[in-house]
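The values are calculated or read from the model by the stated rules, or taken from the named source; none is laboratory data. For clarity, every value in this text was computed on a predicted model and none was experimentally measured. Because the Cβ atoms are built from the backbone with ideal geometry, glycine has one as well, and the counts that use them run over all protein chains shown.
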Amino acid sequence: MKKQLEVSIIDNNIFYNLLQRASSSSKNKNNFIIYDMSGGECLTDDFQNFISINEDVSKLLNQGKDESVKLTEIQKILSKEKEELFSKSKRYFNFLLVQPKDSEFINLFNQVLQSLQKTNNQNLSDEEIRSNLLLHSGQIKIECDLLANEIQKKLQEHPDIEANCSQQISNWRKTLSLYKILRNNKINEIHILRESAQSFFNSYPFMHNYFISLNSASQQSYPNDILFNRMYFGNWKHASNEEIINSIGITHIVNMTCEVDNYFASNHQNVQLQQVIFEELPNLNLSQSPSQCANIQNSTMTASITTKSMHNSIITTTTTTTNTPMPQTTQAQSINSSHTPKNITYLKINIEDEDTSNIQQHFKETYQFIASAISKPNNKILIHCAQGKSRSATIVCMYLMRTFNWSFDQTLKYVQDRREVANPNYGFVEQLKSFEQNQFMFDGESLDEFAQSKKQNQLSQVSDQAELNESNSVKKQLIQNFEQSVVEDIQIAQ
């Protein structure tokens, strides 16, 4: 029996991270092609690595002869420059952008995807369904014909959408046709973006500059987005690049190295280095969405401040009104530039990337720092080590495991789907597995502290994800599901 053709649907997060993977490839830098199925509406600039599906190609796609169309038939319709690009499609990532702007059809499309995901999980427990929806929200693989039929059924139920969104529906049908043609011609790396181009650039506005500078000496490679455009994961190059820090809007940095400086810890002429000891996580206001909170100035983080004297330290930079000289420190490097990032808060953990290093002793400190940082809607955090492979990967995994109650194996796959090089060393893997066996509790932590911390962070993160990636109704359901799971966890802990 012939295997049914599956279609790969990705969200903005996976799209962004796959672009970073493609742009940093050592063999074929920028090995990707983006197809604008709207004929130039998704991408107004003539960027390199883009192919706009013009009227001639559209006519070919609309003939309904997907199985017999050869790549050469499409290739000869394109301009010479794009013909050369298209010839590399078998070796490249291929991304299909369907819609330029948000629309009723985009909402309908995502509702169908949500429904099919739930159907695929019908034999799982409620807890497993919740975990799967979150774990696999970035990339979904669904039988092509099944998806097309379900969308058609949904359109028949909503004739007003079919009438109002005729062009968007036409774009979608051309997208599915091109997908089939590419797959029938032995091209495997093909992905359809489930969200609009507008929403992608709203989430990652700095990617405009990325595309403009593509294949030039000024092109930047950005850190990977792990969680809702709030938690980034990278290496020392990202952490030391002021353009990257500024363009993303990084406010907090976790530096998991002995050998890398806190490059922007001293960005003012007069600064004071402080040690921050967390007393408790700030209360979260779940009645306000991230978009509502974005217009509210961030409140000061609740903390007790003492003079920096410990081996591992949180360093904040604050402007002083006196001419007190900057204290000397081996952990911060002074950058005398008016353009350097301001108000960066650092947590530096001095640890070697060795199997025998005890990284688990730093789990509570790093977890609280990350959770406190991203509980504020305007904050964004970068977690890095030297290469962005082992030490920082361990901390990223730890945070996700505890926050979402994921196993180590689930978490590592989630992280590697977003940053392929993530690979904690053997000793760190064993410590993460031990953390899982201990039900993600820190040493000396009470059950009440554990349950309260988990509740705050699960609801905060799910609220953010739903706000950024889903409709309001889905957001409400996700939050209700996680509220129930937290209640169950508290009962079990007690």
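A few notes on this one:
- Residues of the range 217-236 that are modelled with pLDDT under 95 and either in the same structural domain as Pro341 (by TED's automatic domain parsing) or surrounded by 15 or more Cβ atoms within 10 Å (Cβ to Cβ) (or both): Gln219, Gln220, Ser221, Leu227, Phe228, Asn229, Arg230.
- Enumeration of residues in the range 365-392 that are closer than 15 Å to Phe428 by Cα, out of contact with any helix residue (DSSP H, G or I) (no Cβ under 8 Å at 6 or more places or on another chain) and of a type outside the set (Gly, Ala, Ser): Lys389
- Number of positions in the range 415-431 that are assigned to a helix (DSSP H, G or I), surrounded by fewer than 24 Cβ atoms within 10 Å (Cβ to Cβ) and not charged (D, E, K, R): 6
- Candidates in the range 348-378 are the residues that are outside any loop (DSSP other than H, G, I, E, B) and either over 20 Å from the mean Cα position of the chain (by Cα) or not assigned by TED's automatic domain parsing to the domain that holds Asn235 (or both); of these, the one that is surrounded by the fewest Cβ atoms within 10 Å (Cβ to Cβ) is Gln361.
- Test: residue in the range 207-217 that is part of a loop (DSSP other than H, G, I, E, B), farther than 30 Å from Lys70 by Cα and in contact with a Gly (Cβ under 8 Å, 6 or more places away or on another chain): no
- Total residues in the range 139-190, condition surrounded by fewer than 19 Cβ atoms within 10 Å (Cβ to Cβ), on the phi < 0 side of the Ramachandran plot and either not in a helix (DSSP H, G or I) or not assigned by TED's automatic domain parsing to the domain that holds Gln75 (or both): 8
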